[in-house]
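Student: Input: one structure, supplied below.
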Amino acid sequence: MRRLWNDELFLALVDALEQAVVLVDDKGVVRVFNRAAQTVFQTPAQRAVGRPVASLDIGSPLPEVLRAGEPVLQRRELHRDRILLADHIPLRRNKAILGAASFYRDVTGEVELARKVAHLEEDSRLLAAILEHSYDGIWILDGQGITLQISKSWEAFSNVDRNKIIGKSVYDIVKEGHFTDAAAIHAIREREPRSIVYRTRTGRRALGTAVPVFDDHGNLWRVISNDRDITEIETLKTQLDEAQGAMRRIEEEVRLLRKLQLQGTEVVVHSKRMRDLLDTVTHVAQTDATVLLLGESGTGKDIIAHVIHKLSPRRHGPFMKINCGAIPENLLESELFGYEEGSFTGARKRGKPGIFELADRGTLFLDEVAEIPLQLQAKLLTALEERRIMRVGGTGFIELDIRVIAATNQDLAELVRQRKFRRDLYYRLHVIPVTIPPLRERKEDITPLAFHFLNTFNQKYGLSKEFAPGALMLLNYYDWPGNVRELKHVIERAVVTTSENIIRARDLKLEDPPRARAEDKLPPLQKARDDLERRLITEALRRFGSTHKAAAALGVTQSTIVRKAQKFNINLGDAKVHH
């Protein structure tokens, strides 16, 4: 054996092998380490031959093979970035172990190829699954328009046997009348993605989107067409359009109903802020949730409270209002909760129900709620939470079915911090807060409100007063610290005290001139004139419904109204235009 590994011919033969070969003697000392082994293990023969194989960093199992005398076959080993398949066998003569040999074959390329093949098979299965289970129809063609594959859903909605389609040109398929058109034809012709709507032979409508796929040389390689049956979708769209049309008609009827319900109130809504507020109030009115109306004095909190009642399911019940700040403290409890006979000096013999009882099955409006004394707030909280009250001097509870609306012009949160208002009562009232903006922050409402009050007082006093342009300009630029209440009183005073039928600026007798704040500078005269004209024309068109009547009311020609409406972008809408 010793002569063998010293034989030059043997060593040359082993060096010529593509396999890496490592040969050890019976002591485990490396005697042969061929050229392929040197490459695989990146170890020169001089550093391997003559050394124990266990001392080399190659993870060799040859020492165990020598000890056990059993081969280790087809063992996969990883050396650096190479995958090796190795056979380790003992070398015997007459049952005596003379040494051992390892034969390594580099299978890295084979493993990588097998992995790629496995990925391709997985991709093929995935594509097959997509073609079988895709909701949309998938149509795959080559660059010349020859059908290669189609999905099951495409076959179903097109009512065409896939076996008769595969291998056929898209141009022939369309020519035979299976479809009125095909997106693939447009994608092939224009070399860009294209979408079309077409019909199948059975009359179904489909949306087809074809995408061209190019190879590395820019040649058209494949066309992928995604086709969806939109027959049901178009039917649903038609039904949706009809439903939306019905909804618009219902909304218009609701607006008309709301308008009819609000007749008889002083609600005049023109600005966006007030329109949004009225929308909120309309939704809130349908529930029994407690509403807290916030805003400066004179903004119309009592009117909004009445609107909530009129729009609510309780509209046929009583609407009871109590101004908590206008009643002496010693009488407020009995006014709220009522009293029994003999409960205090001067009490009626049979007692008297309070405002809570009178509001049963209706709405109770607690105005100026911040004025309720602190010692009475606990009883009010109990009544709000339990919906039952006990009369002054009474011994039993009275169950109530009421909806509560409260209002204040004070900062309740600040009063809570100052311990002048109970925190628990604050949270009980602050369920749905609604803030009414002051009139100075919604100038667009001034002119409509002014005409509303003018009509009201003309009818009340049997007069026919009108505004001069200067009066309207002053109304629009006055700061209105008293808000809508002040505007109403100013116009009533002007209607009553003015001797002529025209109300001029001097007839308004405003207590203070318009206050120019830092953030509210006086506008240029032309802008002020334009603003006034825009508001007057808008209000006249709203009130009279035609350009001819609006012109007569404003003392100008009908063509002037049309020209000004165009200048100010006023939508004539439903107004009748007479020429």
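Nothing in this text is a laboratory measurement; each read-out follows from the coordinates by a stated rule. Keep in mind that what you see is a predicted model, and the values were worked out from it rather than measured. All Cβ positions, glycine included, derive from the backbone under ideal geometry; neighbour counts span all protein chains shown.
Student: According to the square roots a ≥ b ≥ c of the eigenvalues of the Cα gyration tensor, what is the shape class of the range 440-567, taking rounded for a/c under 1.5, prolate for a/b larger than b/c otherwise, and oblate for the remainder?
Tutor: Note, shape of the range 440-567 comes out oblate.
Student: Oh, and also: For the range 268-437, what log10 I(q)/I(0) values come out of the Debye formula at q = 0.10, 0.11, 0.19 1/Å, with one point per alpha carbon and no solvent?
Tutor: -0.38, -0.46, -1.27
Student: Just order 174-180, 285-291 by mean Cβ neighbour count inside 10 Å, highest at the front, would you?
Tutor: 285-291, 174-180
Student: Rg to Rh ratio, the range 121-229, alpha-carbon atoms and Kirkwood radius?
Tutor: 0.95
Student: Considering only DSSP beta bridges where both residues belong to the chain, give the percentage that are antiparallel (nearest 5).
Tutor: Around 70 percent of the beta bridges assigned by DSSP in the chain are antiparallel ones.
Student: Tell me, in nm to one decimal, what length is gained between T456 and H430 on full extension, where the rule is 0.36 nm per residue of separation less the Cα-Cα distance?
Tutor: That pair, T456 and H430, stretches by 5.9 nm at full extension.
Student: Then there is this: Between R504 and A246, what FRET efficiency comes out of the Förster formula 1/(1 + (r/R0)^6) with R0 = 60 Å and r the beta carbon distance, rounded to 0.05?
Tutor: 0.70
Student: If each residue of separation counts as 0.36 nm, what is the full-extension length gain between Q144 and V211 once their alpha-carbon separation is subtracted?
Tutor: 22.7 nm
Student: Tally Lys and Arg at +1 and Asp and Glu at -1 over the other residues with C-beta under 9 Å from the C-beta of R391: what net charge comes out?
Tutor: That sum, taken over residues with Cβ under 9 Å, equals -1.
Student: Hull surface divided by four, with the convex hull built on the Cα atoms of the chain: how many nm²?
Tutor: Working: hull surface 240.1 nm².
It is 60.0 nm².
Student: For the chain, what is the mean residue ellipticity at 222 nm derived from helices alone (per DSSP H run of n ≥ 4: -39500 (n - 2.57); sum divided by total residues; nearest 500 deg cm²/dmol)?
Tutor: Working: 25 runs with 260 residues, N = 579.
Helices in the chain give a 222 nm mean residue ellipticity of -13500 deg cm²/dmol.
Student: For the range 2-106, would you read off the P(r) tail past 20 Å as a percentage of all alpha carbon pairs? Don't skip to the end; give the middle numbers.
Tutor: Numbers: 1779 of 5460 pairs.
Of all Cα-Cα pairs in the range 2-106, 33 percent lie more than 20 Å apart.
Student: Quick one: of K301/K443; K301/K549; K301/K488; K379/K420, which pairs are farther than 25 Å apart, Cα to Cα?
Tutor: Going by Cα-Cα distance, K301/K549 fall outside the 25 Å limit.
Student: Between T560 and E190, take the C-beta separation as r, use R0 = 51 Å, and let me know the FRET efficiency to the nearest 0.05.
Tutor: The calculated FRET efficiency here is 0.35.
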